[in-house]
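Here's the structure, in structure tokens; my notes come after.
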Amino acid sequence: MGELLTSLVEYLPFNRLVKPATLIRPSTNYDYVQDAVKNLRVELKLPANEVVDFKDLIGRFHDLQTVLVPVMWGKKDRHENALHIYLPESHSTWVFLNLDSNLIDFKFWMAHELAHVYTPDLCGTDEGEDFADALAGAFLFPAECAESAYTEVVRLRTEATRVNAIKTIATKAVISFYTVYYEINKFANHAGKPPISLAASTVGGAATNVAKQFPTVSKLLFEGVTTKPGQYVKAAKEAFGTPFFDALASHLKASGDTATYIQQVMDISLADAKALHTELLG
Amino acid sequence: MNQRLLDSNAYFRLAKSFHPLLGGPYGKDELVLKVLVDVDTEFSKNPRLDSKFSWVSEAEFTANRKKNLFSASGDKVDDIHHASIFIRDWVKEQRSKFQSQRLTPPSPVDCAVLAHGYVMGFAIVSDDAGMAYTAREFEICFIGGHELLKELLDMEIITIQKIQSAMEYLSWLDDLPPRWRREAKALFGLSLP
């Protein structure tokens with residue numbers, strides 16, 4: 001996929017003479033991650049307790065010269081919902097995001113991928129994945145929120161009431177039950193307080209229940225199971241500000257590449273690739 | 001039996017107009033038309049866009065493909081696997097050559113199709129110029145979709161009227177390969193707009 005993306009680099013509207021900003025010595029240390037998140041929220045003008053919308057992150061990706069590629073890959077396992085590709089020769093970064101993911105997962109993966117963009121040197125390493133998970137969780141539910149949630153939950157006596165309280169917090173913040181639960185306990189651990197301990201099966205069940213309340217991003221954007229190729233390209237450009245489709249159209253016109261190229265570069269069905277080929281060259 | 005293996009795009013181009021396309025044996029040459037499991041897998045991904053190409057995942061087309069999948073057996077499996085890797089590596093090395101000739105390099109699935117032609121001696125049916133170039137390099141028997149139609153016409157499996165309407169349909173889709181257009185007159189006596 002990376003090799004195929006190289007053909008699109010020349011059509012990107014980015015300044016290729018400068019390298020985007022990166023984090024210095026990234027670490028999963030609690031204070032480091034919280035500092036990074038605080039800076040990011042300040043840059044985005046998002047107070048710690050404000051609910052993050054995925055649209056808040058789009059401008060940041062653009063500033064970091066990252067090409068967002070919104071794709072519809074259907075229902076996938078968690079780790080297949082986002083893909084980050086860094087091409088060192090062109091210093092270009094590509095982030096594929098599966099619009100068929102649930103809204104709360106989608107936000108998590110966007111924040112996770114943003115962390116990867118800030119840490120190109122950790123690309124492909126376990127360290128990089130751990131850092132991206134830590135930054136995403138903390139960005140969506142910072143220490144201030146975790147502290148207040150901990151205070152609320154710890155005084156509840158039974159597991160059922162604790163689970164319900166966390167579910168309510170997660171639903172209100174439009175984030176996963178997992179994120180709230182883990183961030184509460186990371187805070188507790190850092191502050192030397194006893195953790196909130198729930199059975200793994202309870203956490204899984206509660207997380208599924210919270211997720212079910214939210215639609216997929218594709219459903220939010222297109223209000224249906226399928227959409228016309230033109231609507232998809234328009235929505236992808238407008239909602240994500242991506243230069244991907246313009247670059248792809250320019251490449252197809254210049255190279256004469258067929259739908260097979262689109263199929264491979266976007267990892268989509270040949271039927272959709274043919275539909276996009278017709279749309280982009282039409 | 002005379003096997004013909006279609007690549008994804010050739011299947012796409014012919015299957016709607018000549019349904020059920022895959023099957024056989026046809027005629028005295030016992031022509032059999034098949035696709036690879038890998039090709040079928042490409043179509044099993046549900047289209048997410050509502051387009052004029054979405055028919056490919058409809059039940060009747062899926063059933064016809066499932067009934068006509070080619071699957072190698074015995075020693076040939078390993079030979080095909082190795083040929084597939086070899087062709088894929090070659091395509092990768094030649095990428096700039098493909099680009100300079102404005103050809104799309106064959107995808108990994110296309111390489112698997114070519115590997116079957118290389119090892120089993122089947123004719124590969126494709127209209128892709130990148131596939132044609134690769135097939136020539138490896139001396140793989142290769143015919144265009146329109147040449148397959150000519151074979152079927154000569155065996156009286158399909159009619160000239162059907163070919164004409166298929167060509168008009170492909171022309172409307174803007175999916176008529178240049179070779180079809182150039183050779184339609186000589187092969188079928190047809191003039192296309």
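Each of the peptides A:259-265, A:13-19, B:23-29 was scored by the mean count of other Cβ atoms within 10 Å over its residues; in descending order, highest first, they stand as A:259-265, B:23-29, A:13-19. Mind pulling the angle between the C-alpha long axis of helix A:54-63 and the longest principal axis of chain A? Nearest 10 degrees, somewhere in 0 to 90. It works out to around 60 degrees. Take each residue of peptide B:7-15, count the partner chain Cβ atoms within 10 Å of its Cβ, and average: the result is 2. Could you work out the local net charge near A:Asp63, counting Lys and Arg as +1, Asp and Glu as -1, over the other residues with Cβ closer than 13 Å to its Cβ? Summing Lys and Arg as +1 and Asp and Glu as -1 gives 0. Around the amide H of A:Ala48, modelled in the peptide plane, lies no amide H under 5 Å away from a residue 5 or more places distant or on another chain.
With the Cα gyration tensor of region B:129-193 giving a ≥ b ≥ c as the square roots of its eigenvalues, does the rule (a/c under 1.5 for rounded; else a/b larger than b/c for prolate; else oblate) give rounded, prolate or oblate?
Numbers: a/c = 2.34, a/b = 1.44, b/c = 1.63.
It is oblate, given that a/c is not under 1.5 and a/b is not larger than b/c.
Peptide A:264-270 is shielded by partner chain Cβ atoms: per residue, an average of 5 of them sit within 10 Å of its Cβ. Magnitude of the charge dipole for region B:33-182, about its Cα centre and with charges confined to Cβ atoms of Lys, Arg (+1) and Asp, Glu (-1), is about 320 debye.
Between A:Tyr11 and A:Lys55, the contour length at 0.36 nm per residue exceeds the alpha carbon distance by 13.4 nm. Between amide H atoms placed 1.01 Å from N, distances below 5 Å from A:Phe141 occur with no residue 5 or more places distant or on a separate chain. Calculated FRET efficiency, B:Phe138 to A:Ser201, Cβ-Cβ distance, R0 = 60 Å: about 0.65 to the nearest 0.05. Rounded to whole numbers, the Karplus 3J(HN,Hα) couplings from phi for region A:175-182 are 9, 6, 4, 4, 4, 4, 4, 5 Hz, using 6.51 cos²θ - 1.76 cosθ + 1.60 with θ = phi - 60°, and x at Gly and Pro. On C-alpha positions alone, give me the angle between the axis of helix B:145-154 and the longest principal axis of chain B, in degrees, nearest 10. So the helix axis and the longest Cα principal axis differ by about 60 degrees. Backbone phi angles across region B:24-35, fed through the Karplus curve with coefficients 6.51, -1.76 and 1.60 (θ = phi - 60°), yield HN-Hα couplings of x, x, 10, x, 5, 7, 6, 6, 10, 10, 9, 10 Hz in residue order; Gly and Pro are listed as x. Arranged from fewest to most other beta-carbon atoms within 10 Å of their beta carbon, B:Met120, B:Met1, A:Met110 become B:Met1, B:Met120, A:Met110.
Taking the helices alone, chain A has a mean residue ellipticity at 222 nm of -18000 deg cm²/dmol, built from -39,500 (n - 2.57) per DSSP H run of at least 4 residues and averaged over all its residues. What angle, in degrees between 0 and 90 and rounded to the nearest 10, separates the Cα long axis of helix B:178-188 from the longest principal axis of the Cα atoms of chain B? On a 0 to 90 degree scale, this one is about 50.
Give, in whole angstrom and from largest to smallest, the semi-axes √(5λ) of the equivalent ellipsoid of the protein assembly as shown, with λ running over the eigenvalues of the Cα gyration tensor.
On the way: eigenvalues 509, 111, 83 Å².
Each semi-axis is √(5λ); the values are 50, 24, 20 Å.
For region B:89-112 and region B:14-42, what is the separation of their C-alpha centers, rounded to whole Å? Centre-to-centre distance over Cα atoms comes out at 25 Å.
For region A:219-281, the alpha carbon positions stretch 34, 23, 17 Å along the principal axes, listed from largest to smallest.
Scanning residues 5 or more positions from B:Phe70 or on other chains, those with amide H under 5 Å from its amide H are B:Val35, B:Leu36, B:Val37, with H placed 1.01 Å from N in the peptide plane.
No lab work stands behind these numbers, since they all come straight from the coordinates. The model shown is predicted, which means the values in this text are computed figures rather than measured ones. A quick note on method: Cβ atoms are made from the backbone with ideal geometry, for glycine too, and the neighbour counts reach across all protein chains shown.
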